[in-house]
1. Only residues that are within 15 Å of the chain's Cα centre (by Cα) and surrounded by fewer than 20 Cβ atoms within 10 Å (Cβ to Cβ): list them for the range 172-182, please.
2. Please give the number of the condition residue 74 fails out of (1) over 16 Å from residue 168 (Cα atoms); (2) surrounded by fewer than 17 Cβ atoms within 10 Å (Cβ to Cβ).
3. Pairs, please: C-beta under 8 Å, at least 6 apart or cross-chain, first residue acidic (Asp, Glu) and in the range 90-102, second in a loop (DSSP other than H, G, I, E, B) and surrounded by 17 or more Cβ atoms within 10 Å (Cβ to Cβ)?
4. Test residue 59 against the criterion of being exposed (fewer than 14 other Cβ atoms within 10 Å of the Cβ) and small (Gly, Ala, Ser), and give yes or no.
Amino acid sequence: MYGKPIIVLVTSLLVANATPLVARADEPVAIIYPDYTSQYNSATGAVVFHTAQGHVSRSSKNNGADISTLVTFEFDQKYADNQCQLVFDLFNSTSTLSGSKKAQLYASLAPAYADASSWPSGNLRDQALGSIDVIKGGRATWQAGSGPLAPVNGSFPCSEIAGGIYGGEVVPQGDEVEIKWPAGYDGVKVLVW
């Protein structure tokens, strides 16, 4: 008498709890962290290449020695048919945030590849991609920049970058701000959908 309903119930539970064989639509296919994270000192022009930490800092007490973070990404051609999204997360317990909690994201004309005692004029900063309101324990909210390549909500076709090497910069915004994160675990990354 109860055999058929129990079989249907058990089958339904097994199907409902089965792990899908393909990526779910609400989860990225890949998460790409920068291959290199470097720090740029705006007062000296120095670049400290391939650091273990991203650092964005501006203070009225640092005599104009703002720190921005330069990131270098290498993108695999296999993602050319996907959608990409540039995001900034601050989930890691060692990440810190104070001051305005704001930063700006820029594309770079060329990525950083070595330590340098000075950096070319303008820091090779290119188009403004957007401004972010950084959230400790969450994902930054996005406001699109003014450049023609500025993405809405950080989203763009991966075909624009697939198979290439690209640089970017995270710049302090506001009179007082400090943001630190472990490179390769938090901060700037690209989600592939």
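Derivation of every value follows stated rules applied to the coordinates shown; laboratory data play no part. Just so we're clear, the structure is a prediction, and the values are computed from it rather than from any experiment. So basically every Cβ, Gly included, is an ideal-geometry build from the backbone, and we count neighbours across all protein chains shown.
1. Once the filter is applied, which keeps residues that are within 15 Å of the chain's Cα centre (by Cα) and surrounded by fewer than 20 Cβ atoms within 10 Å (Cβ to Cβ), the range 172-182 yields only 182.
2. (1)
3. That search, which allows pairs on different chains as well, returns nothing.
4. Taking the combined requirement at face value, the residue does not satisfy it.
Matching residues to (1) in a strand (DSSP E or B); (2) surrounded by fewer than 18 Cβ atoms within 10 Å (Cβ to Cβ); (3) of a type in the set (S, T, N, Q):
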position	(1), (2), (3)
110	no, yes, no
118	no, yes, yes
170	yes, no, no
184	no, yes, no
